[in-house]
Each structure stands twice: as structure tokens, then as C-alpha cells.
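The values are calculated or read from the model by the stated rules, or taken from the named source; none is laboratory data. Predicted model only: the values in this text are computed from it and were never measured. Note that each Cβ is placed from the backbone with ideal geometry, even for glycine, and that neighbours are counted across all protein chains shown. Only protein heavy atoms, including side chains, enter the accessible area calculation; ligands, DNA and RNA are left aside. Shrake-Rupley method; radii C 1.70, N 1.55, O 1.52, S 1.80 Å.
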Amino acid sequence: MPWPKTSSLIIFVIAISAVMAIITNLRIAGYLTLETQLVAAYLAFGLNFMAAIVGFWTRFRLAWLSYLILSVVSILFLSSTPFAAAWILIKLAARHAFA
């Protein structure tokens, strides 16, 4: 079995976050139902979890463990993936700073 590449996993995680951002915007625009977004969110959480587990077989085990913890925390508190949660927090901070 070939070892997973960290760069491939990072691209995979960024793609998951991008898809979730698109799905969220489609739901806000009225094209998707809340139930569809919830299914996509659970799927994204599962894929993030699997990516972090696969990341344990790279030489960056500590980084992927941190990502796994960050994924669980961001899902519990912000209901989004870590990259999407970071984007949400940046937008909120900018809005608060320039308001």
C-alpha cells in the first residue's frame, strides 16, 4: 500500500471546505433545503475525519492529530469545517473591526 502524500490530503481537505461553502451559499439562495445541507455537513465531517486518520500514516502525525481535534471543535461550535470556520471567524472579525 503506497503512503499517502500530505499535499494530496491538504488539497482534498480544501476541496471539501470549498464544496461546503458552495452548498451553504446555495441553501441561503434557496436552491437547497436545510436537510440537504445537513447531509452534506455530516458527509464533510466524515471525510475530514477520514482524511485526518489517513494523515496519521504520513510523517506529519502531530499536525493531522491537531487537524482532527480542530475538525471536531469547529463542527461542534461553528458547524463547519476548519477552513470554513476560519473564514467565518475572519469575516466576523473584519466586520467587527470596521463597523
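Observations on the model:
- 1.4 Å probe accessible area per residue over the chain, in Å²: 72
- Highest average packing first - 23-29, 70-76, Cβ atoms within 10 Å: 70-76, 23-29
- Largest first and in whole Å, the equivalent-ellipsoid semi-axes of the chain read 26, 17, 11, each the square root of five times a Cα gyration tensor eigenvalue.
- The angle between the Cα long axis of helix 82-97 and the longest principal axis of the Cα atoms of the chain comes to about 40 degrees, rounded to the nearest 10.
- The Cβ shell under 15 Å around L9 holds other residues with a net charge of +3, Lys and Arg each +1, Asp and Glu each -1.
- The trypsin sites (Lys or Arg not before Pro) found in the range 36-99 that occupy coil by DSSP, while having at most 13 further C-beta atoms within 10 Å, are R59.
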